[in-house]
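Colleague: Before anything else, here's the structure in question.
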Amino acid sequence: MAEKFQNFIAGKWCEADSGERFENRNPANWDEVIGTFPKSGKSDVERAVKSARAAFRKWSLTPAPVRGEIMKRAGDLMVERKEEIAQLMTREMGKVIDETRGDTQEGIDTAFYAFGEGRRLFGHSVPSELPNKTQWSYRRPIGVAGIITPWNFPMAIPTWKIFPAILSGNTVVFKPASDTPATATKFIELLLEAGVPEDVLNIVHGGGSSVGTAIVEHPDIDLISFTGSSQVGRIINSKAGAGLKRVSLEMGGKNAQLVMNDANLELALDGVLWGAFGTTGQRCTATSRLIVQEDVHDEFVEMVIERAKQLKLGDGLDESVDVGPVINEGAREKIHKYVQIGQEEGATLKLGGNIADDGDLAKGWFYQPTIFSDVTPEMRIAKEEIFGPVLSILKVKDLQEGIEVMNNVEYGLSSSVYTQDINAAFEGIRDIDCGITYINGPTIGAECHMPFGGCKSTGNGHREGGWEVYEFYTETKTIYVDHSGRLQRAQIDNR
Ligand code: NAD
């Protein structure tokens, strides 16, 4: 029988007020039900926010190093359960087991970073322009954080948000994607076991338009951290903006790998295969475009096709599989629609282009690794996020054109340049309009202690990861202490 998961609201595991449930199935085998989950709505969010608000003061007064020690215990538990979490995640969302181990490891790294940050959370101490006056700034928690996450990194992304939110002294109302609620629930169980007080954390399962909207519109939620599509991010931004909430948005991408004539082609080949077909192309940082300089274009395209042909599709729990299914039926339809659009636009379909449903693949949402060449910058397959195993290849004459083509999209998340020429590398670093640029590495491979995020339609200026995310979850307070015993007027008495 399928496991029955619950919400965790106001310190208790509970059903949704509606009494209704939804199902979550394995995308590699839709006969397998992973679990059923409460179908929540506005009144469930209401209770969660009330509890999180009530818990805020006590939690915010708990010393940050003590909060940090709880993050350390959570990290230790994740280390112990890494394999169990990875197995569940692969069954729940399909990516291959090595990658779900990596996803879990990113959560572990983020926990240990938070542990350390409990003893930092630095402010600034700066000299005054007046004598006998001391001044500094420090960082305070903000209040209740609404956390809304996508399904493609079911552990890493919630940890990127929830560890810094609670380490900083905020309380949390969390809505995970309804395609990956089981992994999210395991994470909350683990945090509670590590010692996060019960009323500090709430998880409310359900849809975006019901639970997500209720979180975004709730007047007692102070900040929203969202990762997902740019389309939904825009809606969230306008609603949360009207409520003057602090909002962090990490959204879509249309990332490119640029391969110059002088590149190490074998290295660039490993990079593009991992970047384009890892996580079945369903990463925000996936390599969706390959831009190749003309002298090596034909040779490199053939190399990519030869290797892509050998990728093995299947259930991600099988260690020999390279590419798992896509997340659900809607995603597969969208991918297939883009493949048809690419053909109509006149791109050359070099590999794949169809649903994969032979033998064991018949009961999963599999799609063949697909490659288009002769793609031009104005085609939709060169500009829009497909979010599947589809690679569009474009030819350019030089570095300048390569960078122009790279920048010719509405997104600005990740980018990569393969070259042996240090000047070309630095030109790319300077001129590519993205939050992340890799040199001689694929467009994927972020580390949790570096800022992560993008510009243009990918983000709204905040960053996940490293020290920067702690700025989002804290508010600066500035302190002046005048110990002169007299009125000292800044800008006046010292002139
Ligand atoms: P999505 O936008 O459909 O959903 C993301 C989350 O928002 C889900 O929990 C969903 O239920 C919720 N939601 C949907 N409508 C809502 C609404 N009106 N109000 C509030 N919440 C709502 O995205 P997805 O399909 O889960 O994820 C794929 C997208 O996420 C891709 O565009 C990908 O590029 C992006 N992504 C970005 C990053 C990044 O860091 N930039 C990382 C991973 C994924």
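Colleague: Sorted by packing (mean other beta-carbon atoms within 10 Å per residue), highest first, where do 146-153, 236-243 land? Each step should come with its number before you reach the end.
Modeller: Numbers: 146-153: 25.9, 236-243: 16.2.
The densest-packed peptide leads the list: 146-153, 236-243.
Colleague: Now for a separate question. For a quick protection proxy, order the peptides 366-375, 309-318, 337-346 by their average other-Cβ count within 10 Å, most packed first.
Modeller: The densest-packed peptide leads the list: 366-375, 309-318, 337-346.
Colleague: Can I ask one more? Can you find, among ASN494, ILE236, GLN400, the residue sitting farthest towards the positive end of the charge dipole of the chain, where Lys and Arg contribute +1 and Asp and Glu -1 at Cβ?
Modeller: The one lying farthest along the dipole's positive direction is ASN494.
Colleague: Further question on the same structure: Using a cut-off of 18 Å between alpha-carbon atoms, which lysines can reach LYS58, once sequence neighbours fewer than 8 places away in the same chain are excluded?
Modeller: The reachable lysines, counting only those whose Cα sits under 18 Å from LYS58, are LYS50.
Colleague: So which aspartates and glutamates pass the test for LYS42, namely a Cα distance under 14 Å, with those fewer than 8 places away in the same chain ruled out?
Modeller: Within the straight-line cut-off, LYS42 pairs with GLU15, ASP17, GLU20, GLU217, ASP220.
Colleague: I would also like to ask the following. Need one word for segment 1-150: rounded, prolate or oblate. Basis is the Cα gyration tensor (sqrt eigenvalues a ≥ b ≥ c); a/c below 1.5 gives rounded, then a/b vs b/c decides.
Modeller: Cα axes put segment 1-150 in the oblate bin.
Colleague: Another question, if that's okay. Run down the lysines and flag those whose C-alpha is under 19 Å from the C-alpha of LYS254, throwing out any fewer than 8 positions away in its chain.
Modeller: List returned: LYS334, LYS337, LYS383, LYS395, LYS456.
Colleague: Next question. Counting alpha carbon pairs within less than 8 Å and at least 6 residues apart, what relative contact order, in whole percent, applies to the chain?
Modeller: 18
Colleague: Taking a ≥ b ≥ c as the square roots of the eigenvalues of the Cα gyration tensor of segment 124-282, is the shape rounded (a/c under 1.5), prolate (a/b larger than b/c) or oblate?
Modeller: In terms of gyration-tensor shape, oblate.
Colleague: With a ≥ b ≥ c taken as the square roots of the eigenvalues of the C-alpha gyration tensor of the chain, please select rounded if a/c is under 1.5 and otherwise prolate if a/b is larger than b/c or oblate if it is not?
Modeller: oblate
Colleague: Over segment 73-222, what is the percentage of antiparallel beta bridges among all DSSP beta bridges, to the nearest 5? Before the final figure, lay out the partial values.
Modeller: Values: 4 of 12 bridges.
Bridges in segment 73-222 are about 35 percent antiparallel.
Colleague: What is the set of long-range amide H partners of SER128 at a cut-off below 5 Å, with H atoms built 1.01 Å from backbone N?
Modeller: GLN135
Readers should treat all values here as calculations from the given coordinates under stated rules, not as data from a laboratory. Small disclaimer: the values here were computed from a predicted structure and weren't measured. Cβ coordinates were reconstructed from backbone atoms using ideal geometry, including for glycine residues, and neighbour counts include every protein chain displayed.
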